[in-house]
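The values are calculated or read from the model by the stated rules, or taken from the named source; none is laboratory data. This is a predicted model, so every value here is computed, not measured. We place every Cβ from the backbone using ideal geometry, glycine too, and count neighbours over all the protein chains shown.
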Amino acid sequence: MPTAASQRVIGPKIRRIAVHKPLFIIFCRDTLKRHNMKATSLPPRKSQTVIDQDFDVLIVGGGVAGLYLLYRLRGLGLSAVAFEAGSSVGGTWYWNRYPGCRCDVESLEYSYSFATDLQQEWNWPERYGTQPEILKYINHVTERFSLRRDIRFNTRITSALFSRRKVLWTLCTDRGEIFRAPYCVMATGNLSTPQTPEFPGLDRFKGDWFHTGLWPHDEVKFSGKRVGIIGTGSSGIQSIPHIAQQASHLYVFQRTANFSLPARNGPLDPEIEQRHKSEYSARRKAAFNTPFGIAGYPPPEKSALDVSNKERLQIYEQKWAEGGQISFLYSFNDLLTNKASNDTAAEFVRQKIRKTVKDPIVAELLAPKSHPIGTKRLILDTNYYETYNRNNVTLVDVSNHAIEEITPNGIRTEDCHFTVDSIVFATGFDAMTGAILDMDIGVEDGPSVRDVWEHGPTSYLGLTIAGFPNLFTITGPGSPGVKSQMILSIEQHVDFIADCLQHLRSRDLVQIEATVEAEESWVKHVKDVADSTLYPLANSWYMGVNIPGKPKVFMPYVGGVHTYKQKCDDVVANGYTGFIMSP
Ligand SMILES: Cc1cc2nc3c(=O)[nH]c(=O)nc-3n(C[C@H](O)[C@H](O)[C@H](O)COP(=O)(O)OP(=O)(O)OC[C@H]3O[C@@H](n4cnc5c(N)ncnc54)[C@H](O)[C@@H]3O)c2cc1C
């Protein structure tokens, strides 16, 4: 269970290593030395265990993705084991226990679709699920399908090496174990590597500090305390209203103002729930024909510039009252492609902020101007802007006067010192590539993933990486994962992988690898699509800019879930185009 002191395990050390030569031993020795282990081809030390069970698939990650993959593989009669760094299942919903943590996709959508009974029987109390509720649901799924027995908890994979000669992946754990199987799937998550900026002095801070993405399992009490929270992205915006209610004073350190819309959360209306459930299978199917993987929003037909000012305002007002980000982005058909249209929506939200926040200087600081609305994750909140009307909340603008250091009793910016008892880092994640680059992943006689991704991630369909046979990534960079209802995208990827393994087996094939040409063409397509939108105008985690030194590359596929799914289906229908399969 993480405590403030043990939370320093944050962020991957992005270490570049040279070509893996000669083979396995050098590769693994490098990793193994750090973890005090030995390569499998050397006699294992007493403290090491080579697990010689015959697995078909090794899965890294025990979140929504790893769990569904275990379920699917079992159904195919394949033997698999999943490794999870945490002590239980849930991934995102296991680690992010900060006050106010909540899903911003509606509960009836954000759930598995693979089991009809499950989706009919589970009752969601609120329109948007809280973290504890979602974790309860994931635990329920785990027990219901007896998945726990195939997961090794408190086990972090540190390296993975593929032998072309043996057609075998070898994974090393931080517990001194070594596992082997022909296939390996990274279900490691896009937002699973919390990022704490390296402020000087943090090690001397006398109070408690927390990262929202590594929140302690025991309740954290802020009553009577002066708290500083750094970061106003999604986790910051969700937690600020809750922490403000407890703290004697809350200082919010904001570098970039972000757009947030009211969630309009509340108890789930049983009538709505019943109706939704009676249409579940049609709705799930329909969701695949939408850009964000969420059905129920008729696609807009008009540009924001095709209507009068009055009509435009009416539409925005209606969406604002409804709550939800898809609904708002669906006000018009060009909000994410036409800057002038986008400006109308952005200005509407800025005006709402100005009306809500009483102090005009604070309101202006909170009104985002650095990026088009929707090009960074569009946040949903409950009483976020209202919180700045409280006497015990101070907004500290660190865009011009940056944080210089953490002192033993507070936070020093370039022009002021703020005394605090606790610090909350709501500073996000090394998104999309962090968890993968945290491991040494390589192929004998070939480069590592770290080498190949040195200038930004490359993939074929966000599912595979050329040069790394029998390795799959679930919702990897180059897929629409983070720009969709993620459970839907996860299920689609898992189904693709499971079907692919079945295809190989039925034809006595064992190896699959994306071609370099297919990957290059996909990477170009992902970039071309992004460049036809406003997304690249924002300094977002989609671009990797929140991590110092990370290549600035737009990582998700924003052509929409509908287009993407069709492309994947075509690949399969045409005999796995872009892949080489071999016996
Ligand atoms: C605060 C927050 C709110 C979110 N809200 C939404 C939302 O509203 N809607 C939405 O669609 N999505 C949301 N997401 C995205 C969310 O991550 C996905 O919806 C989904 O939970 C991802 O599941 P996953 O299994 O792919 O990854 P994760 O849930 O991240 O699970 C990956 C697991 O892999 C483990 N792991 C990683 N590396 C290793 C290793 N080397 N060895 C062993 N284990 C490892 C991690 O410990 C983690 O438990 C949110 C994410 C966050 C952080």
Counted residues, region 209-219 - those being within 16 Å of the ligand (Cβ to nearest atom) and either in a loop (DSSP other than H, G, I, E, B) or surrounded by fewer than 16 Cβ atoms within 10 Å (Cβ to Cβ) (or both): 3
With the condition kept exactly as written, say whether any residue in region 447-461 is under 19 Å from residue 288 (Cα atoms), modelled with pLDDT of 95 or more and crowded, with 21+ Cβ neighbours inside 10 Å. yes
Matching residues in region 181-208 - criterion: being in a loop (DSSP other than H, G, I, E, B) and within 16 Å of the ligand (Cβ to nearest atom): 187, 188, 189, 190, 191, 192, 193, 195, 196
Taking region 255-296 and keeping only residues that are over 23 Å from the mean Cα position of the chain (by Cα) and within 30 Å of residue 363 (Cβ to Cβ), one is left with 264, 266
Contacts under 8 angstrom Cβ, first residue in region 182-197 being crowded, with 24+ Cβ neighbours inside 10 Å and aromatic (Phe, Trp, Tyr), partner assigned to a loop (DSSP other than H, G, I, E, B) and at pLDDT 95 or above, 6 or more apart: 183/56; 183/470
Counted residues, region 67-93 - those being closer than 15 Å to residue 491 by Cβ and of a type in the set (Gly, Ala, Ser): 2
Are any of the residues in region 129-148 touching a residue at least 60 places away in the same chain (Cβ under 8 Å), in contact with a His (Cβ under 7 Å, 6 or more places away or on another chain) and under 27 Å from residue 436 (Cβ atoms)? no
Which numbered condition residue 209 misses (of (1) under 30 Å from residue 481 (Cβ atoms); (2) under 26 Å from the mean Cα position of the chain (by Cα)): (1)
Please count how many residues of region 162-175 are in contact with a strand residue (DSSP E or B) (Cβ under 9 Å, 6 or more places away or on another chain) and away from the ligand (no atom under 14 Å from the Cβ). 7
Look through 492, 485, 566 and report the one residue that is farther than 30 Å from residue 257 by Cβ and touching a residue at least 24 places away in the same chain (Cβ under 8 Å). 492
Take the conditions out of contact with any strand residue (DSSP E or B) (no Cβ under 7 Å at 6 or more places or on another chain), surrounded by fewer than 23 Cβ atoms within 10 Å (Cβ to Cβ) and modelled with pLDDT of 95 or more and apply them to residue 225. Does it pass? no
Just checking, how many residues over region 407-442 are away from the ligand (no atom under 16 Å from the Cβ) and either surrounded by fewer than 23 Cβ atoms within 10 Å (Cβ to Cβ) or not hydrophobic (A, V, I, L, M, F, W, C) (or both)? 14
Taking the condition farther than 22 Å from residue 115 by Cα and more than 6 Å from the ligand (Cβ to nearest atom), does residue 56 pass? yes
List pairs: first residue in region 51-66 and closer than 17 Å to residue 500 by Cα and touching a residue at least 60 places away in the same chain (Cβ under 8 Å), second residue within 16 Å of the ligand (Cβ to nearest atom) and part of a loop (DSSP other than H, G, I, E, B) anywhere in the structure, Cβ distance under 6 angstrom, at least six positions apart or on different chains. 59/187; 65/187; 65/474; 66/187
Residue pairs meeting the criteria (Cβ under 8 Å; at least 6 apart or on separate chains; first polar (S, T, N, Q), in region 85-107; second modelled with pLDDT under 95 and more than 7 Å from the ligand (Cβ to nearest atom)): 87/1
Suppose we filter 508, 569 for residues that are assigned to a helix (DSSP H, G or I) and surrounded by fewer than 18 Cβ atoms within 10 Å (Cβ to Cβ); which single one remains? 569
Residues of region 338-395 being assigned to a loop (DSSP other than H, G, I, E, B), under 25 Å from the mean Cα position of the chain (by Cα) and surrounded by 15 or more Cβ atoms within 10 Å (Cβ to Cβ), which ones? 368, 371, 372, 373, 374, 375, 376, 377, 378, 382, 383
Among (1) farther than 30 Å from residue 339 by Cα; (2) aliphatic (A, V, I, L, M); (3) in contact with a Pro (Cβ under 8 Å, 6 or more places away or on another chain); (4) surrounded by fewer than 16 Cβ atoms within 10 Å (Cβ to Cβ) - the single one residue 537 does not satisfy: (1)
All but one of (1) out of contact with any strand residue (DSSP E or B) (no Cβ under 8 Å at 6 or more places or on another chain); (2) more than 16 Å from the ligand (Cβ to nearest atom); (3) among the aromatic types (Phe, Trp, Tyr) hold for residue 453; state the number of the condition that does not hold. (2)
For the list (1) β-branched (Val, Ile, Thr); (2) within 16 Å of the ligand (Cβ to nearest atom); (3) in contact with a Cys (Cβ under 7 Å, 6 or more places away or on another chain), I need the number of the one condition that residue 512 fails. (2)
What residue, among those in region 541-575 that are in contact with a helix residue (DSSP H, G or I) (Cβ under 7 Å, 6 or more places away or on another chain) and of a type in the set (Phe, Trp, Tyr), is nearest to residue 182 (Cα to Cα)? 557
Just to be sure, is residue 241 more than 19 Å from residue 325 (Cα to Cα) and crowded, with 19+ Cβ neighbours inside 10 Å? yes
Would you say residue 503 is assigned to a loop (DSSP other than H, G, I, E, B), more than 16 Å from the ligand (Cβ to nearest atom) and either at pLDDT 95 or above or in contact with a Lys or Arg (Cβ under 8 Å, 6 or more places away or on another chain) (or both)? no
Here the residues within region 255-272 that are in a strand (DSSP E or B) and surrounded by 22 or more Cβ atoms within 10 Å (Cβ to Cβ) are 260, 261
